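This report concerns only the one structure given below.
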Amino acid sequence: MSKSSQSFTCSSCGAAHRKWAGRCDACGAWNSIVEEAPLSAGPKALGAKGRTIALTDLATEEAAPPRASSGIEEFDRVLGGGLVPASAILVGGDPGIGKSTLLLQAAASFARHGVKCLYISGEEASAQVRMRAQRLGLTDAPVALGAETNLRDILTTLDAERPGLAIIDSIQTMWLDTVEAAPGSVSQVRAAAHELVTFAKKRGVAIILVGHVTKDGQIAGPRVVEHMVDTVLYFEGERGHQFRILRAVKNRFGPADEIGVFEMTGGGLSQVLNPSALFLSERGQASPGSAVFAGIEGTRPVLTEIQALVAPSPLGTPRRTVVGLDSGRLSTILAVLEARCGIPFTGLDVFLNVAGGMRVTEPAADLAVAAALVSAREDVAIPAETVLFGEISLSGALRPVGQTENRLKEAAKLGFSQAIAPSRSKLVAVEGMSVREMPDLTAFVGDMFGAG
Ligand code: TYD
Ligand code: MG
């Protein structure tokens, strides 16, 4: 291979580089740039002239894609209301989190609803997959199994079988004989994904690709595949918890940020239709350091408990430990509490946690976080019937957030009777809920905890 035909790609973000470097300029990842053969030598090298393609205009009416339902409500919701034919979906997640389990269950469910399903495992033998199916009680579902890693053979099989849905577990084990690289390398993963996605579009077969990602994205792959597929779902959860969350991070056919909640049981994953009740189930009496946040995930309200612990620190630099929230956000809220409300956290260790292994990314959680922190520090419990939401600005003002009605309704449904919200929230009266509006954090702290 001549030197000029070689290129370098960041395995984390997929950016192309002319030469090797220790750090990717595009995403800042260290030691992620790898050498690879380019996919194509460019149009010049093709020689022969291309054909003109048929063009259409924007006005042509396009019917909404008919969606196939899996019958697993949480799974369908994350897909945006069911499986779109000829779409390509990536399901990423840590090894061992339950991707194969989820997809085998989904395949069985789709098959029972009349979708022809093919499940290709590159990691396990057919017997192993069958054993799992037995354990999950899925043996009666008409799913066709295959154990193969050679993509040429897989595509030939898919072309002959023409299923409605093909599941490829996992993309890292697939290899093309035309690419001179080991399976799992960026060039193999990218070429294999490209082939499969192109096949999906051309032949009208929906394809689900499974991809392993480690927390720091070290293992090659899924990040470069993200750009090629229509939908990217991440399956996440804390190892110690039985809850698993399927989150849509990209969706060309539905809302992103939608979540589906599952519970890992001895008999596989079972869906959790009312996550709020589950996340609050371990909550006992009102105790200091606990605040209930009325959040929105995608199109659905989800209530979570934010827990804080504040204790004198034996260390010169006190600890700031966060699980399930952004640690930068904690620093900001601590700074605002100190600067605007005169509540310092110097010399104090701060531990912040979302109960149940949930991850909260909404800025609307700020007020509940601040409430939990002050409640822990002052050792004063927030009334048990109270939920909170609101974004905190650097000035200490509280900013209104969207979908207040959904938040309040969900809170009322779960037996809460009081909400604390920013002033100027577009409030709609919800039966059984009284709302206290607060202009800023100082007013809130004064009202809830005395002078602060
Ligand atoms: P798996 O689907 O193999 O994970 P992945 O494909 O993401 O690597 O799931 C593996 C874990 O799930 C394993 O640690 C055992 C657990 N598990 C259960 O708890 N119950 C079950 O019914 C099944 C099939 C797996
Ligand atoms: Mg697996």
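Since every read-out is calculated from the coordinates, none of them should be taken as a lab result. As the structure is a computational prediction, the values presented were derived from the model and not from experiment. Note that each Cβ is placed from the backbone with ideal geometry, even for glycine, and that neighbours are counted across all protein chains shown.
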Practice prompt. Arrange the peptides 15-26, 76-87, 118-129, 273-284 so that the one whose residues have, on average, the most other Cβ atoms within 10 Å appears first.
Written response: 76-87, 118-129, 273-284, 15-26
Discussion item. Among Ile343, Ser375, Thr304, whose Cα projects farthest towards the positive end of the dipole of the chain, with charges put on the beta-carbon of Lys, Arg (+1) and Asp, Glu (-1)?
Written reply: Thr304
Practice prompt. Give, as ranges by residue number, the residues of region 256-298 whose backbone N falls under 20 Å from the point 7 Å along Cα→Cβ of Glu391.
Written response: 256-259, 293-298
Worksheet item: Using a simple charge model, +1 on the beta-carbon of Lys and Arg, -1 on the beta-carbon of Asp and Glu, nothing else, what dipole does the chain show about its Cα centre, in debye to the nearest 20?
Response: 940 debye
Worksheet item: Could you give the radius of gyration (one decimal) and Dmax (whole number) of the Cα atoms in the chain, in Å?
Response: 25.3, 80
Discussion item. Tell me whether region 109-184 comes out rounded, prolate or oblate; compute the Cα gyration tensor, take square roots of the eigenvalues as a ≥ b ≥ c, and use a/c under 1.5 as the rounded threshold.
Written reply: oblate
Discussion item. Less than 13 Å Cβ to Cβ from Met228, Lys/Arg counted +1 and Asp/Glu -1: what total charge do the surrounding residues give?
Written reply: +2
Fill in: In the chain, lysine pairs with alpha-carbon atoms under 30 angstrom apart (chain gap of 8 or more, or interchain)
24
Fill in: Cleavage-rule hits, GluC sites (Glu not before Pro), region 410-452, DSSP coil, Cβ neighbours within 10 Å at most 10
Glu431
Worksheet item: Put +1 on the Cβ of every Lys and Arg and -1 on every Asp and Glu Cβ in region 376-452; which of Gly390, Val401, Gly446 then has its Cα farthest towards the positive end of the dipole?
Response: Val401
Fill in: Efficiency of FRET from Cβ geometry, Asp159 and Ser7, R₀ 30 Å, rounded to 0.05
0.45
Worksheet item: Which length gain, in nm to one decimal place, applies between Arg424 and His241 when the Cα-Cα distance is subtracted from 0.36 nm times their residue separation?
Response: 62.1 nm
Fill in: Geometric extent, Cα atoms of region 389-452 - Rg, Dmax (angstrom)
12.0, 34
Fill in: Positive-end residue of Leu278, Ile97, Thr157, charge dipole of the chain with Cβ unit charges
Thr157
Item to complete: Calculate the all-directions average of the projected area of region 332-452's alpha-carbon convex hull, and give it in nm².
Response: 7.4 nm²
Discussion item. Over all directions, how big on average is the projection of the convex hull of the alpha-carbon atoms in region 309-390, in square nanometres?
Written reply: 5.6 nm²
Fill in: Most to least packed among 310-322, 342-354 [average Cβ atoms within 10 Å]
342-354, 310-322
Worksheet item: Between Lys19 and Asn150, what is the spin-label point distance in nm, taking each point 7 Å from the Cα along the Cα→C-beta axis?
Response: 4.1 nm
Worksheet item: Can you give the alpha-carbon Rg of region 156-300 over 2.2 N^0.38 Å, where N counts its residues?
Response: 1.30
